[in-house]
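See structure below.
The values are calculated or read from the model by the stated rules, or taken from the named source; none is laboratory data. Quick caveat, the model's predicted, so the values are computed rather than measured. Cβ: placed from backbone, ideal geometry, glycine included. Neighbour counts: every protein chain shown. In case anyone asks, the SASA skips ligands and DNA or RNA and just uses the protein heavy atoms, side chains included. Shrake-Rupley method; radii C 1.70, N 1.55, O 1.52, S 1.80 Å.
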Amino acid sequence: MIKALIVEDEPLARDELKYLLKRSSKIEIVAECDDLETALYIIDNQKIDVIFLDIQLGEDNGMNLAEQLKHTANRPEIVFATAYDEYALQAFDVNAVDYILKPFEEERINQTILKIQNQRSETKEETHGKAPSKPSLQSNKLAVTANDKIKIIDLDKIVYISAQNGKTLLITEEEELVITFTLTQLEQKLVNSPIMKVHRSFLVNKEKICEIEPWFNSTYLLCMNNGEKVPLSRNYTKEIKQLFGF
């Protein structure tokens, strides 16, 4: 059972989220509150696996709590549950597992729960030792399943791959595909290729990075050759700096 904390200062939104989460047999709501000070007290004194966190909390901002917890050992997963979509990139930078918008929908909540389960499974593998990985690719092509078809993708056409809303998206210079591999599976398959991990939710083709843009709190955005921007996690900044010599 996944133990959840809800941090939300709007009673109606909190009740709606509670109702939808309680419909799942995978989630146990162990506490709820409407401010960051109480949230921190609960996190320190109870076992919390995931926080459903609003961003605008009166004079508080949920992003501040996420930043505080970012480098904490055994920190809970964070799902931002908010009416504001402009914080999505910042949410990736603080390693949020998902970002859901009000009004909440049951199907979207179920996708989030599945994503939390997958993330917890991957974390356990990393903690206890991963199972032997499948061999890395023997060619410059990747076979993926998309739309019930097996497509052969040239690695040099991949711009980036991301995990969003419970789905894995593969972005090439020509198309966007929803594929069946998880990001962890792809990371294992693409060892010794131009595709590298730059964030918990993103792999990029290092050959497609055309600019590196300073962001906030000494972090960066990777500007790709298709005009899109990908957040660079602090955990991977050193590797990118070494790669490009800056």
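Scanning region 39-53 for residues that are over 20 Å from Q119 (Cβ atoms) and among the charged types (D, E, K, R) returns a single hit, D44. Looking across region 1-34, the residues that are surrounded by 15 or more Cβ atoms within 10 Å (Cβ to Cβ) and part of a loop (DSSP other than H, G, I, E, B) come down to E8, D9, E10, S24, D34.
Just to be sure before I move on: is Q242 open to solvent by 30 Å² or more (accessible area, probe 1.4 Å), under 30 Å from N110 (Cβ atoms) and not in a strand (DSSP E or B) in the structure I sent? Here the answer is no, as Q242 does not meet what is asked.
Restricting attention to region 1-28, the residues that are among the small types (G, A, S) and in contact with a helix residue (DSSP H, G or I) (Cβ under 6 Å, 6 or more places away or on another chain) total 1. Just for region 181-217: of the residues that are modelled with pLDDT of 90 or more and exposed (fewer than 14 other Cβ atoms within 10 Å of the Cβ), which one is nearest to Y99 (Cα to Cα)? The residue in question is E213. Being in contact with a helix residue (DSSP H, G or I) (Cβ under 8 Å, 6 or more places away or on another chain) and part of a helix (DSSP H, G or I) is the filter here; which residues of region 97-112 pass it? Within region 97-112, E106, I109 meet the criteria.
Residues in region 35-84 that are among the aromatic types (F, W, Y) and open to solvent by 10 Å² or more (accessible area, probe 1.4 Å): Y41, Y84. Selection within region 39-96: residues that are small (G, A, S) and part of a loop (DSSP other than H, G, I, E, B). The member of this set that is nearest to A4 (Cα to Cα) is A96. Restricting the first residue to region 102-116 and requiring it to be acidic (D, E), which pairs with a second residue that is surrounded by fewer than 14 Cβ atoms within 10 Å (Cβ to Cβ) meet a Cβ separation below 7 Å and a spacing of at least six or different chains? Correct list of pairs: E106/R23.
Taken over region 222-235, the residue count meeting the criterion of being modelled with pLDDT of 85 or more and surrounded by fewer than 18 Cβ atoms within 10 Å (Cβ to Cβ) is 6.
Looking at the structure I just gave you, is A66 farther than 21 Å from E16 by Cβ and of a type outside the set (D, E, K, R)?
Judged against the criteria, A66 is a match.
None of Y160, Y220 is free of Cβ contacts under 8 Å to residues at least 40 places away in the same chain, hydroxyl-bearing (S, T, Y) and under 18 Å from A91 (Cβ atoms) except Y220.
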